[in-house]
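Down below is the structure, laid out as structure tokens.
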Amino acid sequence: MRLEARFRWLPTPFRSVLLFIVWLLLNNSVSPGHLFLAAFFAITIPWITFPFRDPQPLIVRPGLAFRHLLLVLYDIVTANLQVALLILGPTKKLRPGFIKVPLDLSHEMPITILASTVSLTPGTVSAEVYPIPESLEEDEEIQQRYLLIHVLDLADEQALINTIKQRYEAPLKEIFRC
Amino acid sequence: MSEWIVSILLLIGGCFILIGSIGLVKMPDFFMRLHGPTKATTLGMASLLIAAMVYFSYTHDGISVKEILISIFLLITAPISGYMLIKSAIHHKLRAKDGTKGLDNIEED
Amino acid sequence: MLDTVFLIVFAMIAISLLLNLWRLIVGPSVPDRILALDTMFINTIALIILYGMSMGTDLYFEAALLIAMLGFVSTVAVCKYLLRGDIIE
């Protein structure tokens, strides 16, 4: 896990790129003036706001992150078709259930990303991270964490846990190296 | 040609939005109702906004890509609001449908 | 042809808004109603974008973006209130 950026003046490279793109999208133009203004905002806003926030892990492997994003987008589309069929089908046949997935990730930000991907993909909504962070004592050691997931149609619990761990968690571990 | 693309995308988007709301009405308990709006409606919006993108690109001169901002925003925020909703539902100890598996996985807070 | 498609999709979104309204009225619990409101926000964005398209103007885009942000923030604030009895601690 890397918390420090390579350059002092660019503490969060990914967020700067995002700001640059969002500014250009909002104005819907690529004229030189807007390019200059976008670059100015992309550098100064992270530079000013960086001291306010806790350091977050940086993306170590951007290529893999991009490939993972495409995979997740593809999964979102197929998952939505599945969920649409499940919703339109008979309600009585559905087998809802709660399952607990043990997590290997340790930092909050990769866990948040994993929970969001789980919410957007096949028939699952992430519900809670155990142990609940607020209930921990100050000096208590953080034990094994779990992600509680609600599944719309639960066929094989172990297979679903393995899919989530291999398909979504392993790339995140690689991307953030933690 | 692009008229056809816009029409098909619009119809797909409308269908998904309708399916999301049908899921909201049809499902028996809160946890199952949550699945419709968080997934189907989000994809419906994405498809509708892509249709808007194509439409404005060929009616106005030049390409228009700013509609994609709303889809990105919805894709990022839908899981967060879903998470907050299910957390408050667990906190209020809403009853899940009979026959739900793994209810003992929910811990007391 | 496009005008007919606009009408059909308008009707679809109107029906889904009515379904959401039904869930909002029937309940039975508070999170159910918040979920219905959140879905209504998203469907309203769809309606506004569609209206802008049928009028042939993209002026409504900013309104849709603002409604998306307001919907997300209000959903999270109300959930936070349900969880803690307080929005900002």
Open item on the list: Taking the beta-carbon count within 10 Å as an exposure proxy, list B:CYS15, C:CYS79 from fewest neighbours to most.
Closed with: B:CYS15, C:CYS79
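By Kyte-Doolittle mean hydropathy of at least -0.5 and Cα axial length of at least 27 Å, which whole DSSP H helices of chain B are selected?
Taking the DSSP H segments of chain B (at least 27 Å long, mean hydropathy at least -0.5), we get B:2-26, B:67-91.
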- [ ] Compute log10 of I(q)/I(0) for the range C:2-84 with the Debye formula, placing one identical point scatterer on every Cα and leaving out solvent, at q = 0.11 Å⁻¹, to two decimals.
- [x] -0.36
Task: Likely footprinting exposure, B:MET27, B:MET1, fewest C-beta neighbours within 10 Å first - done: B:MET1, B:MET27
TODO: Could you go through the range C:8-25 in sequence order and give the Karplus-derived ³J(HN,Hα) for each residue, using 6.51 cos²θ - 1.76 cosθ + 1.60 with θ = phi - 60°, rounded to whole Hz, and x for Gly and Pro?
DONE: 4, 5, 3, 5, 4, 5, 5, 5, 5, 5, 5, 4, 4, 4, 4, 5, 5, 7
Task: Alpha-carbon spread of chain A, three principal axes, descending order, Å - done: 59, 46, 26
- [ ] Name the residues whose placed amide hydrogens come within less than 5 Å of the amide hydrogen of A:ARG145, ignoring near sequence neighbours (fewer than 5 apart) on the same chain.
- [x] A:LEU103
TODO: May I ask for the Kirkwood hydrodynamic radius of chain B, worked out over all distinct Cα pairs and given in angstroms to one decimal?
DONE: 15.9
- [ ] Kindly identify the protein assembly as shown as rounded, prolate or oblate by the Cα gyration tensor criterion: order the square roots of the eigenvalues as a ≥ b ≥ c, call it rounded if a/c is under 1.5, otherwise compare a/b with b/c, prolate if a/b is larger, else oblate.
- [x] oblate
Open item on the list: Could you list B:THR77, B:THR100, C:THR39 so that the one with the fewest beta carbons within 10 Å of its beta carbon is first and the one with the most is last?
Closed with: B:THR100, B:THR77, C:THR39
Task: Loop-located chymotrypsin sites (Phe, Trp or Tyr not before Pro) in the range A:1-97, at most 11 other Cβ atoms within 10 Å (DSSP) - done: A:PHE7, A:TRP9
TODO: Can you give me the span-like helices of chain A, meaning DSSP H runs with 27 Å or more of Cα extent along the axis and Kyte-Doolittle mean at or above -0.5?
DONE: A:62-88
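Read-outs throughout are calculated quantities, based only on the coordinates presented, and are distinct from any laboratory measurement. Here the structure is a predicted model, which is why all the values come from computation and not from measurement. As a convention, Cβ positions derive from the backbone with ideal geometry for all residues, glycine included, and neighbour counts pool all protein chains shown.
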